[in-house]
Amino acid sequence: MNGFKTTLLLGAMTGLFLAIGSSFGNQGLFIALVFAAVFNFGSYWFSDKIVLRMYRAQPADPAQYPRLHEIVERLTSRAGLPKPALYVLPDDGANAFATGRNPSHAAVAVTSGLLGMMDEQELEGVVAHELAHIKNRDILISSLAATMAGAVTMLARIIGYSAMFGGSRDRDGGGLSALAMMIVAPLAAMVIQMAVSRTREYKADATGAAMVGHPQGLMSALQKLESSARRRPTNASPTTAHMFIVKPFSGGLMGLFSTHPPMEERIRRLGAYR
């Protein structure tokens, strides 16, 4: 099923690339084809490295973060998973995500703010949720969506600015079309992200609770994370918001495009766990 979703995502994003390019003639279509080829290949093999570098993630030194390593080793042994690479993001906001193309090439990243906020049981719940994404093999989809959405936004801006400032002056409405594409294309990419994101959070919550043996730690962690996101949002890009355990920011326009299910429903479902 996840192989089908990956193919569907790549196809949808490629179609979006070509739609952007074809709006601005043969030159735009050629640029779009090049972007699609490069980013389809690059995002499959290197999306995890791209996202980790984007957030200035640093490898979690076992001597500096022994608690994190001990929890991950205990849970991966219990779940029969390879131990992923561990990273810490220099961000006071509390959040976490998993990335990679498969369980053998996976990474879990947590913010410094999360490590300072969570007790042992809560951190275990958060780590179990991220390991659940790895176990359920949906981290590739998440990583691809983040990389491709960023590429769509970049392409729309390149072609849009080119059309507004010279590339399409000979075409009626070229500037207005370019401006519209620069707005619509990133929104379309976000809609695709939303379509592949929400249901996986419920499944990861349930799998994580089963991995630990109870839901209490994750329930408590989610409550803290939701409250923290309101007070101190994570410094995250909208194109990667769906990767985090809770949406990095709340309210405003971004609230209309939430990639996460309602927190109250996530906690309610965990409370019914047996």
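The values are calculated or read from the model by the stated rules, or taken from the named source; none is laboratory data. This structure is a prediction, so every number in the text was calculated from the model and none was measured. Glycine also receives a Cβ, built like all others from the backbone with ideal geometry; neighbour counts cover every protein chain displayed.
Screening L222 on (1) within 19 Å of the chain's Cα centre (by Cα); (2) modelled with pLDDT under 95 shows it passes everything except condition (2). Of all residue pairs spaced 6 or more apart or on separate chains, those with beta-carbon atoms under 6 Å, a first member in segment 64-91 that is under 18 Å from N136 (Cα atoms) and a second member that is surrounded by fewer than 16 Cβ atoms within 10 Å (Cβ to Cβ) and among the hydroxyl-bearing types (S, T, Y) are P82/S104. Within segment 92-130, restricting attention to residues that are at pLDDT below 95 and charged (D, E, K, R), the residue that is surrounded by the fewest Cβ atoms within 10 Å (Cβ to Cβ) is D92. A single entry from A180, A210 fulfils the requirement of being modelled with pLDDT under 60, assigned to a helix (DSSP H, G or I) and surrounded by fewer than 19 Cβ atoms within 10 Å (Cβ to Cβ): A180.
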